[in-house]
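Engineer: Quick one: structure below, then a few questions.
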Amino acid sequence: MQKRKIKKGDTVIALSGKDKGKKGKVIEVWPKEGRVIVERVNVAKKHQRPSRNFQGGIIEKALPLNISKIMLVCPRCSEPARVKSKDGARACVRCGEAVDKVK
Ligand SMILES: [Zn+2]
């Protein structure tokens, strides 16, 4: 059974950590490492000094999360859901709808 079913562009929810319950879009996936970067989740704030190209201030950077700490949010029923394989595509186990068709 393939467990890593998160893809770039998926909406996911954080299952633990300081951002538990927060939703965001997956912007990067490293399947081998089992890590993902999720928009606005696990964000570190960093003070940046002014430079030639940057006026200075606080920059926010999303740090990688372990893939086991997130769960896919079904674009159809908007619930955190496991996915199953259906005709080679991913489908939500809650509503049975294909996850990948929805943009
Ligand atoms: Zn669903």
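Engineer: Given q = 0.12, 0.14, 0.17, 0.22 Å⁻¹, what are the Debye log10 I(q)/I(0) values for the chain, with equal point scatterers placed on the Cα positions and solvent ignored?
Structural biologist: Calculated log10 I(q)/I(0) at the listed q: -0.45, -0.57, -0.76, -1.11.
Engineer: Separate question: Tell me the relative contact order for the chain as a rounded percent, counting alpha carbon contacts under 8 Å between residues six or more apart.
Structural biologist: Once divided by the residue count of the chain, the mean separation gives 21 percent.
Engineer: Can you list residues whose amide H is under 5 Å from residue 43's amide H, if they're 5+ apart or on another chain and H is modeled 1.01 Å from N?
Structural biologist: It is 63, by chain and number.
Engineer: Order 76, 82, most accessible first, counting only protein heavy atoms with a 1.4 angstrom probe.
Structural biologist: If we order 76, 82 from most to least accessible, we get 82, 76.
Engineer: Something else now. Determine how large the accessible area of residue 63 is when every protein chain is in place; take a 1.4 Å probe and give Å² rounded to the nearest 10.
Structural biologist: About 70 Å², ignoring ligands and nucleic acids.
Engineer: Among 46/69; 61/86; 45/84; 32/84; 45/86, which pairs are too far apart, with a Cα-Cα distance over 31 Å?
Structural biologist: 61/86; 45/84; 45/86
Engineer: Okay, next question. Straight distance only, please: which aspartates and glutamates reach the Cα of residue 8 with their own Cα at less than 13 Å, same-chain residues fewer than 8 apart left out?
Structural biologist: 28, 39, 100
The values are calculated or read from the model by the stated rules, or taken from the named source; none is laboratory data. Owing to the predicted nature of the structure, the values given are computational and were not obtained by experimental measurement. To get the accessible areas, we keep the full protein, side chains included, count just its heavy atoms, and leave off ligands, DNA and RNA. Shrake-Rupley method; radii C 1.70, N 1.55, O 1.52, S 1.80 Å.
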